[in-house]
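In what follows, a single structure is set out as structure tokens and then discussed.
The values are calculated or read from the model by the stated rules, or taken from the named source; none is laboratory data. Note that the structure is a prediction, hence the values are computed from the model and not measured. No Cβ is skipped: glycine too gets one built from the backbone with ideal geometry, and neighbour counts run over all protein chains shown. Surface accessibility is based on the protein's heavy atoms, side chains included, excluding ligands, DNA and RNA. Shrake-Rupley method; radii C 1.70, N 1.55, O 1.52, S 1.80 Å.
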Amino acid sequence: MNKNPDRQRILQAEPDPNQMTSILHEFTQTYRSFDPEDIEMREAACIRAQLKGRVRPVEDGDLFAGRMMQMPIGFIPQSKGTGMGYCIHPDIDSQLLIKPDLTSESRKILKELLEFWQKEGTVYKSRRKMPDEVTRVVPSELYYLESGIAFVLYRMSGIQLNYSKLLALGIPGLRAEVSKYKSTVQEGSKAFRLYAAMEHVLETFSELAAYYAVQVLEQARHMSDKNRKVELENISRVLTNIAHKRPATFREGLQLIYLYNIFDGTKNYGRMDDSLADLYHGDLQAGTIDEEEGIRLLTSIWQLMKSRDNRYDTRLIIGGRGRNNEEKANRVAMLILETTRRVKENVPQVALRFHNDQDPSLYQKGLDLLATGNTYPMLYNDEVNIPSARNAFGVPHEEAEHIIQYGCGEYVLNHRSVGTPSGVINLLQALLVTMNRGIDPSTGKYQGMPVERYVKYNNFQTFKDLADAYKEQVEYHVGPLALQEYLEYKHAADDNAYLLSSLLMDDCLARGKAIFDGGIRYLGGTLETYGNTNTADSLVAIKELVYHQKIFTLDALNQMLKANFRGYGKELKMILNCPKYGNDHQFADRMYGFVHDHICKTTRDQAKEVGLDSYLVVVINNDANTVMGSFTAASPDGRKAFSHLNPGNNPVGGADKSGVTACLNSLVKADTTLHAGAVQNMKFSKEMLSKYRRQFESLLQTYFEKGGSQIMLTVVSRGELEDAQKHPENYQNLIVRVGGFSERFVNLPPETQNEVLSRTLN
Amino acid sequence: MEGILFDIQPFALHDGPGIRTTIFLKGCPLRCQWCSNPESFLKRSNLSYNREKCIACFSCVRVCETGALFELSDVLVVQHDLCNACGKCIDECPEDALKLYGYRESARNIVNEVLKDKAYFDNSGGGITLSGGEPLMQPDFTMEILKESKKAGLHTCIETCGFAAEAEYEKILPLVDMFLFDYKAGGSEKHRLLTKQPNELILENLEFLNTSMANIVLRCPIVPGVNDTLEHFKAITKLSHDLDQITEVELMPYHNYGEHKYEQIGLSEPALGIPAATEEQEDQWYADLAKLGCKNLKKQI
Ligand code: SF4
Ligand code: SF4
């Protein structure tokens, strides 16, 4: 245990910037000391070398150890922003470079280090290796800085580890398994080196846990508060146990999950109700824990998660088919929900899967949470999602049962697949550029597919010409995006084994291969799509007004858009009065189907072409819709220039005027079997879920029976209603009840809004 | 057959059991002071003008052939009584300041529209509700919608003020699963004062429905300072005892959501102009009624 002489020195509240600089220097030296071919051992050594910079002490009130930072420069598999492996952290400025007490000597060292890593970092290397056929078509990553149809993202995200296995085997069990595999392969082979490096990182993990144990005990010795002293001793005991043994209690299980997760740097927590089911059950049987204690422990984990501030990740899934023992798991799931009810934070993002044979109390409890203003759990319907995943991922039912989400709602097969979104496409921009025959109306510059490709579309004499050109525009980008995704993985594998992730992802151990080197069972990718509904509504208006009623020409329409509708009030009104997606209107919903099916199938079909097991569309929610919208000109759906694109799969804000049932009826028409997740958001006033709970449940039940896959419900409070009056653009889908019917809050006249407000307490 | 309506409201939660779609028909024989749907009064379309949205561009004036719209010292003046609801001005207005309440539609189309939500009705025990206005101002049309609804297997409710010929109730009786019957004020004089009509006919119809074994929900609009009186509450209580077919007594606390519409559609009578009843008031009324021994109250306080 005392092999590492640095062990006693690695823990500090916040290393001073000069100390940090020398840690980074050492880290870099470690990296350089290896033969570039020896990536596995190099990684193991680097993970160890950077620990000193990462580990932070247990803080007041913590019940678990695991406050660890990401390095300013380091091995960070899933970094914030761009990064996948060896990288410079995007926050390096605030973390380090602008610190006033940085000496000029340190500054000099840092400058050299930055230069080195800008050549050697995984992403930098991958960028350099990207072939012309990708960079010509999708040259930019800067979707947040400039206009464009498609962008690439260099990153790895959404790893969902096999926590059940981790807890069942514990660190020693996992090591034993690795060693067993190692003994079957030839010494010195690539697989051998992988296994050996895995043993090494597991050893480092044990040391980390043991080290924390000693530190916490030391803290306990100086603790005057008796209760806290006992608590600290407990924390220490738990750490000692998980360092050397299989976890035997719920608390040990939690500590192991959390510490392993943060040590690896992964950000999602898998099916926590499943992985912890046996341990919790065992504790209950033994009488060593009760519900309150369970909640107390989870609360501390929730706080640690919060401190990591991965608000776009930190997913945790409960419920659903494919768990080992549903009944036991449900008890943990209830505990998780209760903790979330009490803590009420933006993380963890709890997602509740449900199916027809599941104990209904779990779903009911979920609704109770939502009714009291929680934004979690998000609801996922197994009856739709499992068959959909089977089709989209092309896997058997038993595998599809493991469909879970990460991040903003992308599906992966729990510890069986990866699916990083490495590209974004703005479908509306594709349409606008196409309408302008290659000119981006927002900049006046040429964009997208080469000009000669427009010739065959007869100057858009028919709607079909235009629609076909739009399709080609989209297809022109999707191919290179898929290739970039595949190559990015390949390039990542050239330099990284992602040991800690590979250890717990199928089938890396059995195959003796790292995750991106052929280890992962299903190598998948995803493409984020934006502006889907705006595009559909735009096409409806074009078809109706330009080609059917012939009220104005396409060129005249382009003029209107260029003028941002200024001086074209009457035309804008006609446009806004065209049918829109989300009203259970056949024509508009079919157009959405056209846009949706086209992008989904185009994307899906690229997988084979480039060598991925799946490449699928995700229609998710984050702020990219707002950011990309701010570079997108006015559009034929009546959207003003540079305003946000519509988020997720929802109808364009305010366009679904026919009420909530019509909106849901439209939503369920979009094919769910072609993509890896499409997010539906709905906001309701509180009384909908409390006073009208029965009707509300019927509403949801019907939606799910009709094929609804998922919903994110938010219940708004008085303060939010007030905010909605000031910023209606942010509350387009908030539904309130007004004298017996429900209506979008933002559509109500101000008098009525005030009335609703005055009736909404808190 | 066609009739005139002014709205189809899906996901209605207040007009009968479960999730419903409510059809608002035009025309009403009463003029309740507190009405929140004044756009329902007339049995024909009427223009609504929202001054707040108007930018005084006068595009509308140019197309109006009846002289209902004109410009007077830079503001638009709307002479509602001259308007024939041709709708021409509406297409011209760039700001959506003008709209028409009321459009014609066939019973079959209405029911087809309603049927889009059948699955929601089935899961919640809901269906279609006819409201208004007073549906029985268009008795044949109402009959037709009810028939079509029943053919499609829908649960039917009708919201009625009770002011129609008994024969009309007799006709629709077999097609209506639930009558949402308004009871606004006791004493015919008081009733006339508040609604511009006496209440004898209404009470007779209520009796008739009761003896015909209809399923009745008694709906009582309660307006603070107008009919929240002990006397009225006693009358409600008495009805709840006397009429066996009243399965529920529901209070409809006054709200002023419709206030702004009075001016927009050019009504000479102003809106009542009092604040909406609070939830506490509502609870108090229910409690008062419970104390008086009222049966089948919707809300148990
Ligand atoms: S609806 Fe016709 S008559 Fe009435 S104001 Fe408009 S244009 Fe004039
Ligand atoms: S067209 Fe509309 S905005 Fe212009 S004056 Fe008439 S009502 Fe006002």
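Here are the numbers:
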{"quantity": "Top-ranked residue in the stretch A:745-760 [being more than 8 Å from chain B (Cβ to nearest Cβ) and within 22 Å of A:ALA371 (Cβ to Cβ); ranked as modelled with the lowest pLDDT]", "calculated": "A:THR760"}
{"quantity": "Selected residue (only one of B:CYS60, B:CYS93, B:CYS86 is closer than 27 Å to A:SER658 by Cβ, within 15 Å of ligand 2 (Cβ to nearest atom) and free of Cβ contacts under 8 Å to residues at least 24 places away in the same chain)", "calculated": "B:CYS86"}
{"quantity": "Unmet requirement for B:ARG20, which otherwise passes all of (1) open to solvent by 20 Å² or more (accessible area, probe 1.4 Å); (2) facing chain A (nearest Cβ under 10 Å); (3) at pLDDT 95 or above", "calculated": "(1)"}
{"quantity": "Residue tally, condition at pLDDT 75 or above, within 19 Å of A:LEU370 (Cα to Cα) and more than 27 Å from the chain's Cα centre (by Cα), over the stretch A:720-744", "calculated": "1"}
{"quantity": "Residue in the stretch B:27-47 that is in a strand (DSSP E or B), within 16 Å of ligand 2 (Cβ to nearest atom) and at pLDDT 95 or above present", "calculated": "yes"}
{"quantity": "Residue within the stretch A:209-231 that is hydroxyl-bearing (Ser, Thr, Tyr) and either crowded, with 17+ Cβ neighbours inside 10 Å or at pLDDT 95 or above (or both) present", "calculated": "yes"}
{"quantity": "Subset tally (residues that are under 17 Å from A:ASN385 (Cβ atoms) and surrounded by fewer than 24 Cβ atoms within 10 Å (Cβ to Cβ)) for the stretch A:327-355", "calculated": "2"}
{"quantity": "Subset of the stretch A:572-591 (residues that are open to solvent by less than 30 Å² (accessible area, probe 1.4 Å) and in a helix (DSSP H, G or I))", "calculated": "A:LEU572, A:LYS573, A:ILE575, A:ALA588, A:ASP589, A:MET591"}
{"quantity": "Filtered residues of the stretch B:48-57 (kept if more than 14 Å from B:HIS80 (Cβ to Cβ) and either near ligand 2 (Cβ under 9 Å from one of its atoms) or part of a strand (DSSP E or B) (or both))", "calculated": "B:LYS53, B:CYS54, B:ILE55, B:ALA56, B:CYS57"}
{"quantity": "Of residues in the stretch B:96-108 being closer than 23 Å to B:ASN37 by Cβ and away from chain A (no Cβ under 14 Å), the one farthest from ligand 2 (Cβ to nearest atom)", "calculated": "B:ALA107"}
{"quantity": "Within the stretch B:36-49, considering residues that are away from ligand 1 (no atom under 16 Å from the Cβ), open to solvent by 10 Å² or more (accessible area, probe 1.4 Å) and in contact with a helix residue (DSSP H, G or I) (Cβ under 9 Å, 6 or more places away or on another chain), the one farthest from the other protein chains (Cβ to nearest Cβ)", "calculated": "B:LYS43"}
{"quantity": "Of the criteria (1) more than 20 Å from B:PRO38 (Cα to Cα); (2) within 16 Å of ligand 2 (Cβ to nearest atom), which one B:HIS155 fails", "calculated": "(2)"}
{"quantity": "Every residue from the stretch A:272-295 that is closer than 11 Å to A:ILE336 by Cα and not hydrophobic (A, V, I, L, M, F, W, C)", "calculated": "A:ASP273, A:GLU291, A:GLY294"}
{"quantity": "Single residue of the stretch A:513-571 satisfying the filter (on the phi > 0 side of the Ramachandran plot and outside any helix (DSSP H, G or I)) that is surrounded by the fewest Cβ atoms within 10 Å (Cβ to Cβ)", "calculated": "A:LYS550"}
{"quantity": "Number of positions in the stretch A:694-712 that are under 25 Å from A:TYR411 (Cα atoms), more than 8 Å from chain B (Cβ to nearest Cβ) and touching a helix residue (DSSP H, G or I) at 6+ places or on another chain (Cβ under 6 Å)", "calculated": "3"}
{"quantity": "Selected residue [crowded, with 23+ Cβ neighbours inside 10 Å and either closer than 30 Å to B:ILE172 by Cβ or within 16 Å of ligand 1 (Cβ to nearest atom) (or both)] from B:GLY87, B:GLY132", "calculated": "B:GLY132"}
{"quantity": "Helices (runs of 4 or more DSSP H) enclosed by the stretch A:63-150 - at least 3 residues per element that are surrounded by 17 or more Cβ atoms within 10 Å (Cβ to Cβ), more than 21 Å from the chain's Cα centre (by Cα) and of a type in the set (A, V, I, L, M, F, W, C)", "calculated": "A:104-120"}
{"quantity": "Count of residues meeting criterion [of a type in the set (Asp, Glu) and more than 14 Å from chain B (Cβ to nearest Cβ)] in the stretch A:629-663", "calculated": "1"}
{"quantity": "Total residues in the stretch B:1-17, condition part of a loop (DSSP other than H, G, I, E, B) and within 12 Å of another protein chain (Cβ to nearest Cβ)", "calculated": "5"}
{"quantity": "Criterion violated by B:LEU180 - all others in (1) modelled with pLDDT under 95; (2) crowded, with 22+ Cβ neighbours inside 10 Å; (3) within 14 Å of another protein chain (Cβ to nearest Cβ) satisfied", "calculated": "(1)"}
{"quantity": "The stretch A:682-722, residues that are more than 29 Å from B:GLN300 (Cα to Cα), open to solvent by 20 Å² or more (accessible area, probe 1.4 Å) and part of a helix (DSSP H, G or I)", "calculated": "A:GLU705, A:GLY719, A:GLU720, A:GLU722"}
{"quantity": "From B:ILE222, B:ILE145, B:ILE202, B:ILE158, residue being more than 27 Å from B:TYR254 (Cα to Cα) and buried (at least 22 other Cβ atoms within 10 Å of the Cβ)", "calculated": "B:ILE145"}
{"quantity": "Selected residue (criterion: nearest to the other protein chains (Cβ to nearest Cβ)) from residues of the stretch A:668-681 that are assigned to a helix (DSSP H, G or I) and open to solvent by 10 Å² or more (accessible area, probe 1.4 Å)", "calculated": "A:THR672"}
{"quantity": "When residues of the stretch A:188-205 are limited to those that are open to solvent by 10 Å² or more (accessible area, probe 1.4 Å) and touching a helix residue (DSSP H, G or I) at 6+ places or on another chain (Cβ under 9 Å), the one nearest to A:GLY66 (Cα to Cα)", "calculated": "A:GLU203"}
{"quantity": "Matching option when the condition is open to solvent by 10 Å² or more (accessible area, probe 1.4 Å) and within 13 Å of ligand 1 (Cβ to nearest atom), among B:PHE70, B:PHE6", "calculated": "B:PHE70"}
{"quantity": "Some residue of the stretch A:356-378 being open to solvent by less than 10 Å² (accessible area, probe 1.4 Å), closer than 30 Å to A:ALA607 by Cβ, at pLDDT 95 or above and part of a strand (DSSP E or B)", "calculated": "no"}
{"quantity": "Which listed residue is under 21 Å from the mean Cα position of the chain (by Cα) and within 16 Å of ligand 1 (Cβ to nearest atom), from B:TYR169, B:TYR183, B:TYR103", "calculated": "B:TYR103"}
{"quantity": "Total residues in the stretch B:282-301, condition open to solvent by 50 Å² or more (accessible area, probe 1.4 Å), charged (D, E, K, R) and touching a strand residue (DSSP E or B) at 6+ places or on another chain (Cβ under 8 Å)", "calculated": "3"}
{"quantity": "Subset of the stretch B:267-281 (residues that are surrounded by 15 or more Cβ atoms within 10 Å (Cβ to Cβ), more than 16 Å from B:THR229 (Cβ to Cβ) and within 14 Å of chain A (Cβ to nearest Cβ))", "calculated": "B:ALA271, B:LEU272, B:ALA276"}
